[in-house]
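Trainee: Below: one structure in structure tokens.
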Amino acid sequence: MFSIPGKQAVTLTPSATKQIAKLMAQGGTKGLRIGIKKGGCAGMEYTMDYVTEIDANDEVVEQDGARVMIAPMAQMFLFGTEIDYEVSLLEASFKFRNPNVTDACGCGESIKFKELDELEAERAAAQGD
């Protein structure tokens, strides 16, 4: 799929790693699958689902006991993303710091990505093609 040898597709902060490992232990799952779907005012939204079976086409990222699977259609859009887990007075949630996002709505739930040809050119440059 969309990967660069020797480089993880996404990175997890220690806080995210701890929370994902905790969710895996509580739910008896193999990890979380991250994807994207059409929706929201900016055009796209992130999705996160518990995984009981790892799909052969998933990009699997394992870090300190946490496992994240990236759905095939989302791999290009999520490459280079840092996933964090933040706790504040009013909420606790996963946060995505994604270099491929060009715009987001005011609430931060909906995003817009770089054009596909721009993403492909950046991947090729990173691979040294």
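The values are calculated or read from the model by the stated rules, or taken from the named source; none is laboratory data. Keep in mind that what you see is a predicted model, and the values were worked out from it rather than measured. Please note: Cβ atoms are built from the backbone with ideal geometry, for glycine as well, and neighbour counts cover all protein chains shown. Side chains included, ligands, DNA and RNA excluded: accessible areas come from the protein's heavy atoms. Shrake-Rupley method; radii C 1.70, N 1.55, O 1.52, S 1.80 Å.
Trainee: Only residues in the range 35-61 that are closer than 18 Å to M76 by Cβ and touching a residue at least 24 places away in the same chain (Cβ under 8 Å) count as the first member; pair them with residues that are β-branched (V, I, T) and surrounded by fewer than 16 Cβ atoms within 10 Å (Cβ to Cβ), Cβ under 6 angstrom, at least 6 apart or cross-chain, and list the lot.
Mentor: Pairs found: G35/T47.
Trainee: Could you tell me which residue of the range 53-71 is most open to solvent (accessible area, probe 1.4 Å), considering only residues that are of a type outside the set (A, V, I, L, M) and part of a strand (DSSP E or B)?
Mentor: Filtering first and then ranking leaves E62.
Trainee: Quick check on my filter: what residues within the range 8-42 are open to solvent by 30 Å² or more (accessible area, probe 1.4 Å), over 17 Å from E82 (Cα atoms) and of a type outside the set (A, V, I, L, M, F, W, C)?
Mentor: Scanning the range 8-42 gives K22, Q26, G27, G28, K30, K37, K38, G40.
Trainee: Among the residues of the range 43-52, which ones are open to solvent by less than 70 Å² (accessible area, probe 1.4 Å) and assigned to a strand (DSSP E or B)?
Mentor: Passing the criteria: M44, E45, Y46, T47, M48, V51.
Trainee: Do we have A74 as under 15 Å from M48 (Cα atoms), modelled with pLDDT of 90 or more and open to solvent by less than 60 Å² (accessible area, probe 1.4 Å) here?
Mentor: In short, no.
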